[in-house]
Amino acid sequence: GNSVTQMEGPVTLSEEAFLTINCTYTATGYPSLFWYVQYPGEGLQLLLKATKADDKGSNKGFEATYRKETTSFHLEKGSVQVSDSAVYFCALSTGRRALTFGSGTRLQVQP
Amino acid sequence: DTAVSQTPKYLVTQMGNDKSIKCEQNLGHDTMYWYKQDSKKFLKIMFSYNNKELIINETVPNRFSPKSPDKAHLNLHINSLELGDSAVYFCASSQDRRGNTEAFFGQGTRLTVV
């Protein structure tokens, strides 16, 4: 079956620090990969996605590259802001299945 | 305009009661979902409907029954509520069933069973 593994949180960083949140996956077939973000009290919003190997998704300074050889889709940002504090979810989908989510990683950015 | 809207946002009820959560999307999407988020933030699919037809029904107690009167609405009815049903329930929709399409989420309904 499909599964997604994310690094445990919380991740606490100072403003302008470099961010990496690791994500690895197991899937049958060729999955599409996603990062969703959940701000406090809100629903999930798509942050970025990649639908095939070596694709790079990017949005709002965040990036992730679909690495088939390492089955990974790590999220990175060069300089985080306090407003980036949220819970980040890695997810995948194959064929006609609904999204399978990782456990989420809470990011806390301190001024 | 809210793309995916759920009501109510908060729901506190006693064990044994029956309650419903409503969801509507105005995006013209064909597929709608219900997800459950537990206290540790873990999200799990419960149901998926495509054009009013049930296509995913994960291992969920029979007390949970989704109802889709039309493709813009997917309501969740829960009978005989239990303490373990306390969670945040998210409705979502996507354009179609293909795995590479973005899902849009509602703001969630926090259900507390006391």
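The values are calculated or read from the model by the stated rules, or taken from the named source; none is laboratory data. Being a predicted model, the structure only gives us computed values, none of them experimental. All Cβ positions, glycine included, derive from the backbone under ideal geometry; neighbour counts span all protein chains shown. Calculation scope for accessible area: heavy atoms of the full protein, side chains included, ligands and nucleic acids excluded. Shrake-Rupley method; radii C 1.70, N 1.55, O 1.52, S 1.80 Å.
Tabulated data
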{"quantity": "Hz values of 3J(HN,Hα) by residue in segment A:60-69 - Karplus curve (6.51, -1.76, 1.60), Gly and Pro given as x", "calculated": "6, x, 8, 9, 8, 10, 6, 10, 5, 5"}
{"quantity": "Residues whose placed amide H lies under 5 Å from that of A:Ser85, excluding near-sequence neighbours", "calculated": "A:Val109"}
{"quantity": "Trypsin sites (Lys or Arg not before Pro) within segment A:61-91: DSSP coil, no more than 16 neighbouring Cβ in 10 Å", "calculated": "A:Lys68"}
{"quantity": "Coil-residue chymotrypsin sites (Phe, Trp or Tyr not before Pro) of segment A:34-64, DSSP, other Cβ within 10 Å capped at 16", "calculated": "none"}
{"quantity": "Relative contact order, percent, segment A:58-111 [alpha-carbon distance under 8 Å, six or more residues apart]", "calculated": "29"}
{"quantity": "In Hz, Karplus ³J(HN,Hα) per residue of segment A:15-20 (6.51, -1.76, 1.60; θ = phi - 60°; x = Gly, Pro)", "calculated": "3, 6, 6, 8, 10, 9"}
{"quantity": "Accessible area of chain B divided out per residue, in Å², using a probe of 1.4 angstrom", "calculated": "51"}
{"quantity": "Distant alpha-carbon pairs in the protein assembly as shown (separation over 26 angstrom), percent", "calculated": "37"}
{"quantity": "Where Rh is the Kirkwood radius over Cα pairs, Rg/Rh for segment B:2-114", "calculated": "0.95"}
{"quantity": "Residue-level accessible surface for B:Ile56, protein heavy atoms, 1.4 Å, Å²", "calculated": "10"}
{"quantity": "From phi via Karplus (6.51, -1.76, 1.60), per-residue ³J(HN,Hα) for segment B:45-51 in Hz, x at Gly/Pro", "calculated": "5, 10, 9, 9, 10, 10, 6"}
{"quantity": "Within straight-line cross-link reach of B:Lys36, lysines at Cα separation under 23 Å, skipping those fewer than 8 residues along the same chain", "calculated": "A:Lys49, B:Lys9, B:Lys19, B:Lys22, B:Lys44, B:Lys52, B:Lys67, B:Lys71"}
{"quantity": "Fluctuation leader among A:Ala27, A:Ala64, A:Ala91 - chain A, Gaussian network, Cα springs under 10 angstrom", "calculated": "A:Ala27"}
{"quantity": "Share antiparallel - DSSP beta bridges, segment A:1-60, percent rounded to 5", "calculated": "100"}
{"quantity": "Solvent-accessible area, 1.4 Å probe, carbon plus sulfur percent, for chain A", "calculated": "45"}
{"quantity": "Kirkwood estimate for segment B:54-96, i.e. one over the average of 1/r between Cα atoms, Å", "calculated": "12.1"}
{"quantity": "Rounded, prolate or oblate (a/c below 1.5 giving rounded, otherwise prolate when a/b exceeds b/c) for segment A:1-76 by Cα gyration tensor", "calculated": "prolate"}
